[in-house]
Every structure is written in C-alpha cells, then in structure tokens.
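Structure record follows, encoded as structure tokens.
The values are calculated or read from the model by the stated rules, or taken from the named source; none is laboratory data. For clarity, every value in this text was computed on a predicted model and none was experimentally measured. Note that each Cβ is placed from the backbone with ideal geometry, even for glycine, and that neighbours are counted across all protein chains shown.
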Amino acid sequence: MRIGLSYDLKEAITSGRANLPEDAFEEYDYPATINYIASALEHAGNTIVRLDGGRQFIENILREKVDIVFNISEGRGTYRSREAQVPSILEMLDIPYTGADPECLAVCLDKPLTKKLVTLAGIATPPWLTVKNKNELDSVRWNEVAFPLIVKPAFEGSSKGVRLNSIANDKEKAVEVTLNLMELYHQPVMLEGFVKGDEVTVGIVGNSPPGVVGIMRILPKQQTEHFVYSLEVKRDWQNLVDYECPACLDKPILDRITTDSLKAFTILECRDFTRIDFRIGADGIPYFIEINPLPGLGDYSDLVIMAIKMGWSHEALIRAVLSAALERYPFCVQE
Ligand SMILES: Nc1ncnc2c1ncn2[C@@H]1O[C@H](COP(=O)(O)OP(=O)(O)OP(=O)(O)O)[C@@H](O)[C@H]1O
Ligand SMILES: [Mg+2]
C-alpha cells in the first residue's frame with residue numbers, strides 16, 4: 001500500500017503570536033518519531049509518503065495518491081478542535097485514515113465536556129469547575145470548593161500548562177494560577193479536585209473488540225506530597241519517574257480500570273488506539289482524568305513504553321493501529 005503520514009513537527013511550527021507559553025509546541029513530534037513510524041510501516045512492505053502538516057499537508061494530500069493516511073497530526077493553533085483538522089480534510093476528500101474521527105478528537109480535547117460524558121456513563125471523575133473568564137472566576141463560591149485543586153487549561157495535552165506548582169491549597173493560589181493560565185493559554189481553565197493516589201495510564205488498541213495493551217503505574221522516584229505528572233516530569237522522565245507495567249494494584253482496582261477504560265473508549269467512540277489516565281482515590285476508586293484518542297507514538301511516549309513492557313515491539317504496535325483502521329476500509333487491502 002501507499003501510506004501517507006500526516007504529522008506536525010516541533011521544528012516546522014512558527015507562529016506570529018506574541019507571548020506564547022514556553023510549552024506551546026510540546027505536543028508536536030520529533031523527526032525521529034516520524035522515521036520510527038515510517039520504518040515500521042515500510043518493513044511491512046508499504047511505501048511511505050510524507051505529507052507533513054498544516055498548509056503543506058493540504059498541498060501534499062491534493063497532489064499525492066495514497067491508499068490510507070496514518071495520522072498523528074495534532075493540528076494547528078490553540079483551537080479545541082485542532083486534532084480534528086487533518087481527519088476533517090481527509091473525510092472531505094474521502095481518503096481513509098487511521099485513528100478517531102473528527103468529532104471524537106474534538107470532544108476529547110475538551111476535558112470538561114469529556115468528563116460530563118463519562119459521568120453520564122457511570123465512570124467516576126473528580127469534581128471540577130470551569131471558568132471561562134475573570135468574571136466567572138470572581139463568581140466562584142470558594143466555600144463550596146474542596147481543596148486541594150489542580151488548575152489546568154481545559155483544552156490541552158502533553159501536560160501543557162500543568163506544572164509542579166499547579167496545585168492550589170487555597171483560594172489565593174487557585175486565583176493566581178487560573179489568571180496566569182488564562183493569560184498564557186487563551187482558553188477556559190479547569191479547577192479539578194486533586195486525587196492524591198496512584199497514577200495509572202491505560203493503553204487500548206483495536207476495535208473489534210478493543211483490547212487493553214496494559215495498565216501502567218507512574219511512580220515518582222522521589223516521594224512528594226502531591227505527585228503531578230507535570231510538564232517538568234514528562235520532559236525529564238528518565239530521571240524522575242519509574243514505569244510499572246503491568247501495574248501492581250489489587251485485582252478489583254485493576255478490573256474496574258479495565259472496565260471503565262473500555263467503557264470510555266466505547267462511549268466516546270474512539271478508534272484504533274487510545275490512552276486513558278486515571279488517579280486512584282483513597283477510596284480505591286479509579287478516577288478518570290482524561291482520554292487521549294491520539295496518543296503519542298514516539299519512543300518516549302507512554303503507550304509505546306507500556307507496549308514494550310508488555311512484550312510488544314514498536315513495529316507491532318504501529319501495525320496493530322493500521323490493521324485496526326484497515327478493518328474499516330477492506331478495499332484498501334490489496335491481495
Ligand atoms: N484531578 C487530578 N488529580 C490528580 N492529578 C491530576 C489531576 N488532573 C491532572 N493531574 C496530574 O496532571 C497530569 C497532567 O494532567 P492531564 O492528564 O489532564 O494533562 P494532559 O496534558 O492532557 O496529559 P497528556 O500528556 O496525557 O495528554 C496528570 O497526568 C496527573 O499527574
Ligand atoms: Mg494526561
């Protein structure tokens with residue numbers, strides 16, 4: 001097959017906007033990740049066409065003839081639907097692609113909306129409130145809020161805007177962090193109940209049925225009162241965390257994580273692959289934090305680390321994502 005690769009490289013992005021946060025391009029990929037995916041697909045006998053991202057992608061996809069696009073494009077700008085940009089263009093052109101559809105990608109980047117949907121499905125998630133502007137912040141009834149809170153941008157990933165100092169133990173700190181995020185990220189801010197317990201992330205691959213690749217616990221190398229898998233930690237993960245996969249947790253907790261992960265994958269209509277984050281409460285309940293229907297596939301990404309710990313190869317993971325997508329497009333598969 002001729003497989004197009006759509007992606008956004010950190011180095012390719014420039015923006016005219018002043019006052020961009022230092023982590024503005026955190027979610028974009030390194031060339032090594034593109035090479036890594038391309039070689040996995042080439043080893044399976046495919047021809048790879050690099051389509052790039054942004055305007056370049058539009059020019060390339062109109063010119064090139066591909067059977068399917070392997071999409072890892074995060075999209076441009078700070079729009080909450082940015083991950084839907086490339087899949088939307090592909091649907092407009094009727095070109096097959098891997099991964100979730102535009103609606104799923106747009107919904108899941110909106111954390112408060114996603115939390116409402118998983119709550120409807122009976123999945124536990126920490127209490128939260130969202131503030132869109134200073135007026136809404138001024139109207140918060142702080143006496144009804146249980147601290148500590150974690151304060152984070154409503155439409156981000158890769159821990160953009162989530163720092164070691166994102167925890168608020170009182171109103172003053174919550175207001176300070178919120179105002180700072182509003183100014184830097186130009187989007188609503190979530191104030192969410194901080195769940196102190198273990199952090200796990202769950203990988204899912206496939207559709208019929210979707211299967212759990214692994215449940216991985218993220219353990220800080222140094223105990224802190226409030227562990228946050230923050231931007232600082234993700235950038236220096238080799239020194240700051242250990243990954244335990246499979247996670248050594250009690251079976252009832254693991255069972256509930258599995259059930260809730262598959263339920264979230266299904267109700268949000270994810271496809272092909274996904275990663276979901278939970279924190280385990282003192283009550284033993286796994287609390288849904290957020291879901292990534294377009295999880296990173298670099299060798300430093302949680303899904304890849306987890307898959308390798310569970311005995312997969314990176315190539316097998318990439319091929320499993322492609323195979324899952326191809327079930328939707330049997331006409332793509334030659335011979
Ligand atoms: N309610 C919470 N309770 C405890 N920790 C939290 C909570 N919300 C976020 N965190 C911490 O902050 C980290 C980043 O938050 P979150 O997963 O929402 O951000 P993200 O940018 O979407 O992450 P990703 O890199 O997985 O896309 C979490 O992995 C967790 O360590
Ligand atoms: Mg996360």
Can you confirm whether segment 82-101 contains a residue that is aromatic (Phe, Trp, Tyr) and more than 14 Å from ligand 1 (Cβ to nearest atom)? yes
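One line per residue, one yes/no per condition, for (1) buried (at least 20 other Cβ atoms within 10 Å of the Cβ); (2) among the polar types (S, T, N, Q); (3) away from ligand 2 (no atom under 14 Å from the Cβ):
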position: Phe227; (1), (2), (3): yes, no, no
position: Pro246; (1), (2), (3): no, no, yes
position: Asp250; (1), (2), (3): no, no, yes
position: Ile280; (1), (2), (3): yes, no, yes
position: Pro295; (1), (2), (3): yes, no, no
position: Ala307; (1), (2), (3): yes, no, yes
position: Ala324; (1), (2), (3): yes, no, yes
position: Glu327; (1), (2), (3): no, no, yes
Helices (runs of 4 or more DSSP H) completely within segment 55-145 that count 3 or more residues being closer than 30 Å to Arg2 by Cα and touching a residue at least 60 places away in the same chain (Cβ under 8 Å): 102-109
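Restricting attention to segment 165-196, which residues are within 10 Å of ligand 1 (Cβ to nearest atom) and of a type outside the set (Ser, Thr, Tyr)? Explain how you work it out, then say what you get.
Taking segment 165-196 as the starting set, the residues that turn out to be within 10 Å of ligand 1 (Cβ to nearest atom) are 166-167, 190-196.
Of everything in segment 165-196, those that are within 10 Å of ligand 1 (Cβ to nearest atom) and of a type outside the set (Ser, Thr, Tyr) turn out to be Ile167, Met190, Leu191, Glu192, Gly193, Phe194, Val195, Lys196.
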Among the residues of segment 226-272, the number that are under 20 Å from the mean Cα position of the chain (by Cα), within 16 Å of ligand 1 (Cβ to nearest atom), assigned to a helix (DSSP H, G or I) and not aromatic (Phe, Trp, Tyr) is 9
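Only residues that are under 11 Å from the mean Cα position of the chain (by Cα) and closer than 16 Å to Gly206 by Cα: list them for segment 298-310, please. Before you say what the answer is, go through the steps one by one.
Quick first cut of segment 298-310, residues under 11 Å from the mean Cα position of the chain (by Cα) only: 301-303.
If the condition is that a residue be under 11 Å from the mean Cα position of the chain (by Cα) and closer than 16 Å to Gly206 by Cα, then Leu303 is the only one that fits.
With respect to Ile37, is the statement that it is part of a helix (DSSP H, G or I), outside the structural domain of Arg163 (by TED's automatic domain parsing) and either touching a helix residue (DSSP H, G or I) at 6+ places or on another chain (Cβ under 6 Å) or buried (at least 23 other Cβ atoms within 10 Å of the Cβ) (or both) true?
Numbers: part of a helix (DSSP H, G or I): yes; outside the structural domain of Arg163 (by TED's automatic domain parsing): yes; either touching a helix residue (DSSP H, G or I) at 6+ places or on another chain (Cβ under 6 Å) or buried (at least 23 other Cβ atoms within 10 Å of the Cβ) (or both): yes.
Answer is yes for this residue.
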